[in-house]
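Just below is one structure, and these are the notes that go with it.
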Amino acid sequence: MIKNLKNSFLYVSFLSMVWIVFLITIFHLHEEFVPFLYVWNLIGISVLMGIVFGIAYPYLWNYSTLKVTAKIAISTFLNFSCSIASVYLFSLQAFDFIKPYLLLILAITLIGHIIGFYFFSKYGNKKLAESLNRSLEH
Amino acid sequence: MKFSYIWKSNQPASEIEIISNPSNKELLSTFEQRFFQSITLNATDFKTNRQVMIEVGNIEVIEASGHFTKIFLLDGTQLLLNKILKELSYLEPFGLVRINNSMILNLNQIHSFASGSHARLEVITKQQNKYVVSRHYAKFIKEKLL
């Protein structure tokens, strides 16, 4: 489990880094000269993505046996915090721009996680249970 | 019935390959069950504090409990084993497999699977007990059942 999560963390962190640099490049969000220390901000965003999407989500989805309400609460909190921190690290201007909409973002994040962790998970479990019951008959 | 043995040095020591006619399926399944049941564990009885030998086939679940594990037998008896769950992974070929991070279940005791409460996957045993199965181990169980 630890090995899987570690690999997933490194994989997601690296891909996030490439994705952020790609977005900055195609949308011309960069300046001609970027302060060297800003690179650490980008690495910070990648690490946050790695923790949330490379460790927390795979753990909650694949290994955890917590109640769905706990899963929704944990994933919503982590996702929301990670998004806000990422925007803050990316640009202070962008953070100021989204500041008035934080509650709306939280509500949308919560609804998304309810759909994902409750409805989709229930549907997935039903399918999985059916296929396992079929395997039992063999 | 005649037995013929083919010895292969590259065959894993924990694996025995049996080639037979499909009509022998039931007979071989009985052999397998008897073989599994002959594996024993030395556990402590909660009530008497005595050491007891138990057959693997009589176990329903093994649950992690700190540095120890609790064994639940088919008749509901609870026993204590001085081992952590990880140390019991050798029981896997005998049908005792992990169903989540803190539990090992006897595959021979599975009655069915169902989508249970709180959007969790559950396994129902022949004793009508319900246990939560994590998605990761569900895929592994499926491979074992096929």
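Readers should treat all values here as calculations from the given coordinates under stated rules, not as data from a laboratory. From a predicted model like this one, the values you see are computed outputs, not experimental measurements. Positions of Cβ are backbone-derived with ideal geometry, glycine not excepted, and every protein chain shown enters the neighbour counts.
Each residue of the range A:43-48 is assigned a 3J(HN,Hα), and the resulting list reads 5, x, 4, 4, 5, 4 Hz, derived from the Karplus form 6.51 cos²θ - 1.76 cosθ + 1.60 (θ = phi - 60°), x at Gly and Pro.
Near B:Val133, the amide H atoms lying under 5 Å from its own belong to B:Leu121, B:Glu122, B:Val123; only residues 5 or more places off or on other chains count, and H is placed 1.01 Å from N. The HN-Hα couplings worked out from phi for the range A:78-92 by the Karplus form 6.51 cos²θ - 1.76 cosθ + 1.60 (θ = phi - 60°) are 5, 4, 5, 4, 5, 5, 5, 5, 5, 4, 4, 5, 6, 7, 5 Hz, whole numbers, x standing for Gly and Pro. Restricting the range B:1-69 to GluC sites (Glu not before Pro) that sit in a DSSP loop and have at most 14 other Cβ atoms within 10 Å of their own Cβ leaves B:Glu15, B:Glu17. Remark: spin-label model distance B:Ser23-B:Lys86 equals 5.0 nm, labels positioned 7 Å along the Cα→Cβ axis. With contacts taken as Cα pairs under 8 Å and at least 6 residues apart, the range B:69-146 reaches a relative contact order of 19 percent.
Given only helices, namely DSSP H runs of n ≥ 4 each adding -39500 (n - 2.57), what is the per-residue ellipticity at 222 nm of chain A, to the nearest 500 deg cm²/dmol?
-23500 deg cm²/dmol
Inter-part distance, the range B:123-146 to the range A:34-75, computed on C-alpha centroids, equals 28 Å. Near A:Thr69, once Lys and Arg are set to +1 and Asp and Glu to -1 for all other residues with Cβ below 14 Å from its Cβ, the sum equals +4. Legend: mean number of C-beta atoms from other chains within 10 angstrom of residue C-beta atoms, peptide B:115-125, equals 6.
Considering only chymotrypsin sites (Phe, Trp or Tyr not before Pro) in DSSP loops that have at most 10 other Cβ atoms within 10 Å, the longest stretch of chain A without any of them is A:37-138.
Split chain B at each of the trypsin sites (Lys or Arg not before Pro) in a DSSP loop with at most 11 other beta carbon atoms within 10 Å, and the longest piece is B:51-146. Considering only alpha-carbon pairs that sit under 8 angstrom and 6 or more positions apart, the relative contact order computed for chain A is 25 percent.
The chymotrypsin sites (Phe, Trp or Tyr not before Pro) of the range B:1-74 that DSSP puts in a loop, and whose beta carbon has at most 16 other beta carbons within 10 Å, are B:Phe3, B:Tyr5, B:Trp7, B:Phe46.
Between 0 and 90 degrees, the angle of helix A:121-137 with respect to the longest Cα principal axis of chain A falls at about 40 degrees. Averaging the sequence gap over all C-alpha pairs within less than 8 Å and six or more residues apart, then dividing by the number of residues, gives chain B a relative contact order of 13 percent. Mind running the shape call on the range A:7-110? Use the C-alpha gyration tensor, a ≥ b ≥ c as the square roots of the eigenvalues: rounded below 1.5 for a/c, prolate if a/b tops b/c, oblate otherwise. Oblate shape, in that a/c is at least 1.5 and b/c is the bigger or equal ratio. Backbone amide hydrogens, once placed in the peptide plane, bring B:His111 within less than 5 Å of B:Ile124, B:Thr125, B:Lys126, excluding anything fewer than 5 places away on its chain.
Shape class of the range B:24-146 from the Cα gyration tensor (axes a ≥ b ≥ c, square roots of the eigenvalues): oblate, since a/c reaches 1.5 or more and a/b does not exceed b/c.
To the nearest 500 deg cm²/dmol, what mean residue ellipticity at 222 nm is calculated for chain B from DSSP H runs of n ≥ 4 alone, each contributing -39,500 (n - 2.57), summed and divided by the residues? Spell out each step's value before the answer.
Numbers: 2 runs with 24 residues, N = 146.
Calculated from helices alone, the mean residue ellipticity at 222 nm is -5000 deg cm²/dmol.
Using only side-chain charges placed at the Cβ, +1 for Lys and Arg and -1 for Asp and Glu, the dipole size of chain B relative to its Cα centre rounds to 240 debye.
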